[in-house]
1. Amide H of ASN34: which non-local residues (sequence gap of 5 or more, or other chain) have their own amide H closer than 5 Å, using H built in the peptide plane?
2. At 0.36 nm per residue, minus the direct Cα-Cα distance, what do ASP219 and TYR327 gain on full extension? Give it in nm, one decimal, please.
3. Points 7 angstrom from Cα along the Cβ direction at ILE334 and LEU279: gap in nanometres?
4. Taking 0.36 nm per intervening residue step and subtracting the Cα-Cα distance, what contour gain separates ALA82 from LEU70 on full extension?
5. Taking the Cα centre of region 251-345 as origin, sum charge times position over the Cβ atoms of Lys and Arg (+1) and Asp and Glu (-1), and report the length of that vector in debye to the nearest 20.
6. Using amide H atoms built 1.01 Å from N in the peptide plane, name the residues 5+ places from GLU360, or on other chains, whose amide H lies under 5 Å from its own.
7. Collect residues whose amide H, placed 1.01 Å from N in the peptide plane, falls under 5 Å from the amide H of PHE317; neighbours closer than 5 in sequence don't count.
8. Beyond 26 Å between alpha-carbons counts as too far, so tell me which of LYS269/LYS343; LYS32/LYS340; LYS343/LYS379 fall in that bin.
Amino acid sequence: MKDHSARGAGVILLLVFAAFLVFNIYSSLNEKINYIEATLVTVEEYVSLDAVFIRDQIVITGNSDNIEYLVSNGEKVAANQAVCIYFKTDEARDNYKKLVEIENEIEAIKAVDAMITSSNDSVKLDELVYTLLNQILSDTEAGKITQANDTYTSIRQVIIARDAGLYSKDIFRERLSELESQRTYYDSLVDKNSDTVVSPCSGYFFSSADGFESVLNTDCFDDLSDEYFDKTYAASDPSENVIGTVVNSFYWYLAAELDDEHLYDFRGKEQLRAYFPELLASYNDFEVENIIKSESGKHYLVLKTSVMIPEYLNTRFQPVDIVLNSYTGVKVPIEALHQKEGKWGVFCLEGASAKFKSAEIIYQTDSYYLLEMAESSSKGLYIYDKIIISGKDFKIK
């Protein structure tokens, strides 16, 4: 009786052991080595501040009724360059529109005439029509209605030229002569009943004013205070009959208040990179112009740039992310970092073996590290190395 019980218990233990052995073999066979390819990334540490845009800007005033702008917002203008036309009568405005149509047609005819050599030059004309149609589509999607209308005029002339039965050099010369006579006539009518407004200086033109022109200019650096950084600060009302403004400097400035912690961070910096998250996706590099201490004891960082684009020149108050430090290295998950013989590094898969590659830690977070990249894969951790994250049963070199 006892012999049968002992044999039964032994069989059970043997079966349990066999099942355990099979499970471990199965697990080992199915546990793959997980790895990632080493990639080089850049991480930026930044501080977020509320900033004020400061620039020197001249207001252009005049009769702002019934005008037509000749330049676009943000466009660079020269001193005494015409920026808009004031029409004394509605008829004068209509004559101006007719004049513009005539000038566009003249330009279109000259462009077509320069491209073709004979009435059978249809291939070039087809290519030109295709190009102009794409231009109209692009202008329309971008909201450039005026440019789209101009391109339409050009297409109309190309289509005329495409009709081989009607086209000839003589016909186009006759039409050009007729249009030039009309241009002279309408030009004289416009001159009699309109006035041209010119820019008082060279710079970048805008068709509006925000009322801060006399407050947020470079003169304010002598007296920076909290009120300059308050969006409710009572700026002077925009002048009446404002036609536009001209940013009349090659530089504009960014000012932001610094607390004691940030003051230490910016000491000794000569150049800084900044992002405007609510304005643009791209960054801009600024020179550090100064760190000013106001009478109240507060410090203000002043940055300078010569990058002149409409987005920068048509705003006043913006949040800004200023980069304090930048780190570039191989990004490694925290679980992949190991220590061997007192050195930190990672195991990299090479065939069926794993090679330990030591590397300096240059930046770390709660989830990953940035490790210094070697000059080549043979000298240490390098891009495209296969960094082992998890796995077992591989040989270690």
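1. Amide H neighbours of ASN34: ILE389, SER390, GLY391.
2. Between ASP219 and TYR327, full extension yields 35.1 nm more.
3. With each label placed 7 Å out from Cα toward Cβ, I get 3.6 nm.
4. Length gained between ALA82 and LEU70: 3.6 nm.
5. 260 debye
6. Here GLU372 satisfy the definition.
7. HN-HN under 5 Å from PHE317: PHE53.
8. LYS269/LYS343
Readers should treat all values here as calculations from the given coordinates under stated rules, not as data from a laboratory. Keep in mind the model is a prediction, meaning the values are calculated, not measured. Here the Cβ is made from the backbone with ideal geometry for all residues, glycine too, and neighbour counts use every protein chain on show.
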